[in-house]
Amino acid sequence: MDVSGASGQPRSGDDQPTDHPAVPTPPPPAAEAPAPTEDGPDTDPAATGNPDSNTPGPKAARAEEPEDETPDTTGTTAPETETHETGADETGGDKVEADGAKTPEGVRDTAADTHATHRTLAHTDPPTGPAPGMAKGEPPRPPKEPGGGILMGRPFGVPVYVAPSWFLVAALITWVFGGQLDRVLPELGAARYLVSLFFAVAFYASVLVHELAHTVAAIRFKLPVRRIQLQFFGGVSEIEKEAETPGREFVLAFVGPLLSLVLAGLFYLAMKPVQPGTVPGVLLAGLMVSNLIVAAFNLLPGLPLDGGRMLRAVVWKITGKPMSGTVAAAWVGRALAVAVLVGLPLLNSSGGLGGGTGESGGMDTVTDALLAAILAAIIWTGAGNSLRMARLREHLPELRARTLTRRAVPVETDTPLSEALRRANAAGARALVVVDADGHPLSLVRESAIVGVPEHRRPWVPVSSLAQDLTDDMRVSAELSGEELLDALRAAPATEYLVVENTGEIYGVLSAADVERAFVKAMARPS
């Protein structure tokens, strides 16, 4: 692919336009009109005045047209958020500009912006987070503002939320633990449920400590943490960046189970001076056992659990390839899912987990099988999500502002739209930049606005009426690529961006739709 510089000269005549012109132009007579494509008016610039390259002259905006970087959007699939699993998860939306044009909101948390969510499993239940979707015709969406429950506080500046689903699991724990207390301390009567509720709250407090360990480690490594959420399946720390080295990845994953083990040890020590068979003794014993279970399960070496992230870090260190570590840990995670699906019901029925020895009823058997199926599905899905996120992270460097930028022609504010399109066609440009008398860029003419102007009105419509004012955030360096490019687009959601050289010279216009198509094409390529 040819990459043009900023010399102000149009490309040679053998350069071909891509399928998605930024500056639609009047259609030819009815007898010659080509069939429209799914991406809007797409006509031959030579026949219809559809621009496709830069204008000559020192003020011309100059950029290379990505001939093979504009992929087909057919069959768009949603990139999924990578999860560092030790619990459960989160999502994005669209904006509408003041002028009514729908604009994409930038990029979702992927490796470029991907949430690395460290989850703590409550009662050994590993949750997985929903993978954010991506609508056709939009670049990947950014995460919503933190939320998703009742705000409980901001330790270390990170908001902690309790999701509505937590109340369901709290009620379940209260009921189950209350039944156990009735056998151990029958004299409590109905008060046993108050004690059980206290246990549920204390247990999730220890889950929060587990998550705070991940959070503190992330802050120590200068990784932004979006929020902590306590949910049905435990807790999740939504870390917005990936660790830069395998050593940091290992530490970030290990601190959670380590804190759970420390808590189990503290509860064990607290039991020593307490008389067995009392309410404090039973509570401390229950908290010790539950933290041991959380730590042990999260240390299993398969994604999306903490142990899987640790295994990934080890393989990454040995091979020097993060993708190799992800593949290894993800397949171990899938094997673990199968083992849970088959082994958990067998262990329960044989009494290996403290259950009966074949005397349990049919309902218990169905419950065990259902629990095993849920856990296996969650682990399998989380492992698959991790693989997809690794592939996304591997292809992100292919997104380069310089190769995705459309050539543009500068026009003054009072230039009629028809004249601006004629100049763009003559120069082979595919975008319009509104400039002042000194040639300084003021705004960008929106592609969607041009489409909405009938041909017969274009001689009387000034380009300034169709333009979006430029802000500092809408000026993108031509050197940006991958994660940095997506972060820049997310910072200022818009349909078009002005691309400039490091010297400040205009390079061209970047369309968010072009970024989305390149993103989809990169994701479709095999790793």
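Residue farthest toward the positive end of the dipole of segment 187-239, with Cβ of Lys/Arg at +1 and Asp/Glu at -1: which of VAL201, ILE239, HIS214?
Final value for the positive-end residue is ILE239.
Order of 201-214, 466-479, 175-188 by packing, highest average Cβ count within 10 Å first?
So the order, starting with the most tightly packed, is 201-214, 466-479, 175-188.
Report the full-extension gain for the segment VAL314 to VAL262: residue separation times 0.36 nm, less the Cα-Cα distance, to one decimal in nm.
Full extension of this stretch gives 16.4 nm more.
Tell me, what is the FRET efficiency for PHE221 and HIS456 to the nearest 0.05, using R0 = 56 angstrom and their Cβ-Cβ distance as r?
Calculated transfer efficiency: 0.40.
Compute the Cα gyration tensor for segment 227-349, then decide on rounded, prolate or oblate, letting a ≥ b ≥ c be the square roots of its eigenvalues: rounded whenever a/c is under 1.5, prolate when a/b is larger than b/c in the other cases, and oblate in all that remain.
prolate
Using a basic spin-label model with each label point 7 Å from the Cα along Cα→Cβ, how many nm lie between ALA373 and ALA335?
Simple spin-label model gives 2.6 nm for this pair.
I need the peptides 229-242, 501-514 ranked by packing, meaning the mean over residues of other C-beta atoms within 10 angstrom, with the highest value on top.
229-242, 501-514
Using only the alpha carbons, work out the radius of gyration and Dmax of segment 336-493 in angstrom.
Rg then Dmax for segment 336-493, in Å: 29.9, 89.
Packing-wise, with mean Cβ within 10 Å as the measure, how do 262-272, 482-492 rank, highest first?
Output ranking for 262-272, 482-492: 482-492, 262-272.
Compute the signed sum of charges (Lys and Arg +1, Asp and Glu -1) over the other residues within less than 11 Å, Cβ to Cβ, of VAL463.
0
How far apart, in nanometres, would the label points at ARG154 and LEU442 be if each is projected 7 angstrom from Cα along the Cα-to-Cβ direction?
Simple spin-label model gives 4.0 nm for this pair.
First measure r as the distance between the Cβ atoms of ASP473 and LYS272, then evaluate 1/(1 + (r/R0)^6) with R0 = 60 Å and state the FRET efficiency to the nearest 0.05.
About 0.50, to the nearest 0.05.
7 Å from Cα along Cα→Cβ at both ARG183 and ALA492: what's the point-to-point distance in nm?
6.5 nm
Any idea what % of Cα-Cα pairs in segment 402-527 are farther than 26 Å?
Taking all Cα-Cα pairs of segment 402-527, the fraction more than 26 Å apart is 22 percent.
Would you mind counting up the charge near GLU496? Only other residues with Cβ under 10 Å from its Cβ, with Lys and Arg at +1 and Asp and Glu at -1.
Taking every other residue near GLU496 into account, the sum is 0.
Bear in mind that the values in this text are calculations on the coordinates, not laboratory data. Keep in mind that what you see is a predicted model, and the values were worked out from it rather than measured. Positions of Cβ are backbone-derived with ideal geometry, glycine not excepted, and every protein chain shown enters the neighbour counts.
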